[in-house]
Structures are given as structure tokens and as C-alpha cells.
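Some notes on the structure that comes next.
The values are calculated or read from the model by the stated rules, or taken from the named source; none is laboratory data. This is a predicted model, so every value here is computed, not measured. When we count neighbours, we look across all protein chains shown, and the Cβ atoms used for this are built from the backbone with ideal geometry, even at glycine. Protein only, heavy atoms only, side chains kept; ligands, DNA and RNA dropped before computing areas. Shrake-Rupley method; radii C 1.70, N 1.55, O 1.52, S 1.80 Å.
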Amino acid sequence: MRLPAFLLVLLAAGCAQSGPALDAAPPSPGGTASTPAAGVVTISGSGQFTPDGKTAIVYDRKLVPEGAQASVSAESTGGTTLSSVVVEGLLPNRKYGVHLHVNPCGPKPDDAGPHFQHQGKHATAENEVWLDLKTDGSGAANASSRNDWALDPDRLPRSLVIHAEPTVSTGPSAGTAGSRAACLTLSPR
């Protein structure tokens, strides 16, 4: 079986992490549901973005061309959460804002709800999972994030949203990243 290139990059990125490793098994389309070792919380999702998708939905085909796909994994262990995303087929040499959101994807961009936050209502890279990326000449990119808090198995992010613009990091617009271009539903593993 030949793995798509974006899964191979995700596997390589997970193997290259220092500290607690990301789950090295590639996620199946739409995520998987299984329980790893006690105290470890893992969520994942992957798929090709389609207008009528169930787990990978495109809202703006100008920003997320046909054939674009993504894979994401987030794992918490020992009070730390490591998150990683790999994309292929986006616009070349372009920056996108990427965040975890509270609800699964739906037909409308707002169905994913607001950004997932560890606690409070502060839009910061420390309180949320920001995975902004800049694509290469072929439209591929990967990004990772490390947060000093663990995911609560009873309150998990349910989607990854690709936004039209990079995330604003300071000021009154902190945490904003433009319109929602695509969404990928996540599942616990």
C-alpha cells in the first residue's frame, strides 16, 4: 500500500519531535477511535477537502484547490499537548491561519464554532492551538505546536479550521485569522 505524501511527512515530523512523541500510526480518513495507554489523550483526522465532505469540507475553493488534503494529530501526555498538521495542494507560497475549534465541521463555516481554548477567553498561542503555516512552491506545508497543558478527555477540540489569513498575535484582533476556508473533523483515538 502506498501512503499519500502528506501522511509520510506527518510520520516523519512526529518521529523528529523531541520530548513525548506523537502517535506514529497514520490516522485513517475522518480519524479513528481507540484508547492508547492510560493518561494519554490523542485526537486526529485526515482527508481530502470536498464541498460535500463529511469530515473534510472546503468552503473557499479559491484558497483550497481541488485535491487539497490535510492530516492532523494532537496528543497529550504528562501535562503537555503536541499538535501537528500536514497539508498538500493548497495555494503555493501562501500563509494560512490554522486552529483547533470546539465543534465538528458542518456545511456552514461557522458550524465548527469558536477556537478551542484551554481555559478562559484569551486568544493566545499559549491558550489555544495555533498551527499557522506557509506553503512551499507546491502548496505543501507542515506545522507543529507545543502547549504546556493537557487535553481533557471530556472536553476535546472537534475540528481543525484552515483560515484565509495568518493569525493576528497581538492587539484587539488577537486570534483572528480571516474567513474559514476549510475544515477537518477530528476524532479521539
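Taking a 1.4 Å probe, which of SER187, SER138 shows the most accessible area, and what order do the others take after it?
Numbers: SER187 30, SER138 85 Å².
Greatest to least solvent exposure: SER138, SER187.
Keeping all protein chains in place and using 1.4 angstrom, which order do GLU88, GLU126 fall into by accessible surface area, from largest down?
GLU126, GLU88
Would you work out which of PHE116, PRO166, PRO51 lies farthest towards the positive end of the dipole of the range 31-189? Charges go on Cβ: Lys and Arg +1, Asp and Glu -1.
Farthest towards the positive pole: PRO51.
Could you pull out every residue, at least 5 positions away or on a different chain, whose amide H is within less than 5 Å of the one on LEU63? Hs are placed 1.01 Å off N in the peptide plane, and Pro or chain starts have none.
Amide H neighbours of LEU63, under 5 Å, 5+ apart: none.
What does the net charge come to around PRO104 if you take all other residues with beta carbon closer than 11 Å to its beta carbon, with K and R at +1 and D and E at -1?
After counting each charged neighbour, the total is +1.
Report VAL85's accessible area, 1.4 Å probe, all protein chains in place, as a number in Å² to the nearest 10.
My reading of the accessible area for VAL85 is about 0 Å².
Report the local net charge at ASN147: Lys and Arg +1, Asp and Glu -1, summed over other residues whose C-beta lies under 15 Å from its C-beta. Mind dumping the intermediate values first?
Details: positive: ARG146, ARG155; negative: GLU75, GLU126, GLU128, ASP132, ASP148, ASP152.
Combined, the nearby Lys, Arg, Asp and Glu give -4.
What number comes out for accessible area per residue over the range 99-189 if the probe is 1.4 Å? Units Å², please.
47
With every protein chain left in place and a probe of 1.4 Å, what is the accessible surface of HIS122, to the nearest 10 Å²?
Approximately 120 Å² of HIS122 is accessible to the 1.4 Å probe.
Which value, in Å³ per residue, describes the convex hull spanned by the Cα atoms of the range 61-132?
Dividing the Cα hull volume of the range 61-132 by its residue count gives 114 Å³.
Binning every alpha carbon pair distance of the range 89-170 at 5 Å from zero, what are the percents per bin?
Once binned at 5 Å, the Cα pair distances of the range 89-170 give 3, 15, 22, 24, 19, 12, 5, 1.
Once you sort the root eigenvalues of the Cα gyration tensor of the range 129-178 as a ≥ b ≥ c, which label holds: rounded (a/c under 1.5), prolate (a/b larger than b/c) or oblate (the other case)?
Because a/c hits 1.5 or more and a/b fails to exceed b/c, the range 129-178 counts as oblate.
Net charge near ALA177, counting Lys/Arg +1 and Asp/Glu -1 over other residues with Cβ under 10 Å of its Cβ?
0
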